[in-house]
Amino acid sequence: MMRIITYIKLLILSLIQDSIIFVPHASGTIAIKDPAEYGFYDTYDRTLITADGVTIHYWIKKPQDDSKPYFVFFHGNAGNIGDLNSLTEKNNDRKYRVELLQDLANKGHGFIAVSLRGYGKSAGKPSEEGFVKDVNAVADLIQKENYNVSALGESLGCFSALELMDVLSKKNIEVKGVTLIAPFSSMIEKVYESHAEFKKFDVGKYLKYHFDNKKIVAQTKYRGKILFIHGLEDKVSGIYHSKILEGEAKKQGIETELVELKNAGHVSWKPEKVAEIITKRF
């Protein structure tokens, strides 16, 4: 009987996974504004077109000098990069994204902050396949403009950061570094973290999206450094996800570093501190 109940719960999860994974209009979300309204001067709102014809918006700000990279930033699953709501972590406080970009800019670095499809001002509907197309369009932009870049992702956005790392490496384009803030190793492992009872089933058959970050790390040509930053109080994606990814990276001969943040959860970390950690490495 318990197995049947678990199976029914898994079927329900498979039917509603889009609404769980992608939440661009989460409760309390504030619509994205022009960069200048956040104090980002000399920052421009630009668009690019993906291979399947979707218009993607991004913010771009030049670094102070050529020695500093553009951080290509990919946001997590809820809200948008310009959301300034001040809700609690339980309700997905997202103002840390703007603050992180501000702190990176204050240290003289540039950024390309991407609104993935279905988020912010970007068109389209979120999906794993769609995000890959978005990343490929960003990679083409970087190649065309010969930008000096470092990939940066938080939570779900870590998948896109790793995809960018992999795509650019396949093009033999240097990536100065990769930073993953509160990543998960794969969607399957993430489901097991929340629903241990599903381990009795082959969950992969029921999930439309796998977001297999571990697989990307295992197969990539990239041989730079991956920096993991994870809050010790993260109840959304436990720090063991970063440790799984770090272990896989080490197997491939990739340089790694894991910074554990005390008194920090999934999104309740201090942007200024995180910016300082990142910019000291890259």
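Let me know the charge dipole size of the chain about its Cα centre in debye, to the nearest 20, where only the beta-carbon of Lys, Arg (+1) and Asp, Glu (-1) is charged.
Values: 39 positive and 36 negative charges, 110 e Å.
The dipole of the chain has a size of about 540 debye.
Among 253-261, 64-72, how do they line up by average Cβ neighbours within 10 Å per residue, starting with the highest? Don't jump to the answer; show the numbers that get you there.
Values: 253-261: 14.9, 64-72: 17.7.
The packing order, highest mean first, is 64-72, 253-261.
When Lys and Arg each count +1 and Asp and Glu each count -1, what net charge do the other residues less than 10 Å away from Lys125, Cβ to Cβ, add up to?
Values: positive: Arg117; negative: Asp18.
Neighbour charge sum, excluding Lys125 itself: 0.
Does region 169-282 classify as rounded, prolate or oblate by the C-alpha gyration tensor (a ≥ b ≥ c root eigenvalues; a/c under 1.5 gives rounded; else a/b over b/c gives prolate, otherwise oblate)?
Verdict is oblate for region 169-282.
About the Cα centre of region 106-163, how large is the charge dipole given +1 on each Lys and Arg Cβ and -1 on each Asp and Glu Cβ? Please answer in debye to the nearest 20.
On the way: 6 positive and 7 negative charges, 44 e Å.
Using Cβ point charges on Lys, Arg, Asp and Glu, region 106-163 gives about 220 debye.
Residue by residue through region 61-72, what is 3J(HN,Hα) from phi via Karplus (6.51 cos²θ - 1.76 cosθ + 1.60, θ = phi - 60°)? Round to whole Hz and write x for glycine and proline.
For region 61-72, the Karplus-derived couplings read 9, 6, x, 5, 8, 5, 6, 9, x, 7, 8, 8 Hz, x marking Gly and Pro.
Cβ neighbours within 10 Å, averaged per peptide: list 172-178, 56-62, 114-120 in order, most packed at the top.
Numbers: 172-178: 17.4, 56-62: 21.7, 114-120: 25.7.
Final packing ranking: 114-120, 56-62, 172-178.
Determine, for each peptide in 101-107, 270-276, the mean count of other beta carbons within 10 angstrom over its residues, then list the peptides with the highest first.
Working: 101-107: 20.0, 270-276: 16.9.
In descending order of packing, they fall as 101-107, 270-276.
As a test of the formula, what do you get for the chain when each DSSP H run with n ≥ 4 contributes -39,500 (n - 2.57) and the sum is divided by the residue count, at 222 nm and rounded to the nearest 500 deg cm²/dmol? Walk me through the numbers before you get to the answer.
Working: 8 runs with 101 residues, N = 282.
The per-residue figure over the chain is -11500 deg cm²/dmol.
Is the shape of region 44-157 rounded, prolate or oblate, going by the alpha carbon gyration tensor and its root eigenvalues a ≥ b ≥ c, with a/c under 1.5 for rounded and a/b larger than b/c for prolate?
Details: a/c = 2.03, a/b = 1.05, b/c = 1.94.
Oblate shape, in that a/c is at least 1.5 and b/c is the bigger or equal ratio.
Report relative contact order for region 171-282 in percent, whole number only (criteria: Cα-Cα under 8 Å, sequence separation at least 6). Spell out each step's value before the answer.
Values: 161 pairs, mean separation 34.4, N = 112.
In percent, rounded to a whole number, it is 31.
Find the lysine pairs in region 13-102 meeting two conditions, Cα atoms under 24 Å apart and a separation of 8 or more places or different chains, and report how many there are. Could you put the intermediate results ahead of the total?
On the way: Lys33/Lys61; Lys33/Lys62; Lys33/Lys95; Lys61/Lys95; Lys62/Lys95.
Count of close lysine pairs: 5.
Which entries of Lys144/Lys221; Lys170/Lys208; Lys107/Lys280 show an alpha-carbon separation above 18 angstrom in the structure shown?
Numbers: Lys144/Lys221 21 Å; Lys170/Lys208 26 Å; Lys107/Lys280 10 Å.
Long pairs (Cα-Cα over 18 Å): Lys144/Lys221; Lys170/Lys208.
I want the antiparallel fraction of DSSP beta bridges within the chain, as a percent rounded to 5. Display every interim value, and only then the final one.
Working: 11 of 37 bridges.
Roughly 30 percent of the beta bridges in the chain run antiparallel, per DSSP.
We did not get these values from a lab; they are worked out from the coordinates using the rules stated. Model, not experiment: these values are computed from the prediction. Please note: Cβ atoms are built from the backbone with ideal geometry, for glycine as well, and neighbour counts cover all protein chains shown.
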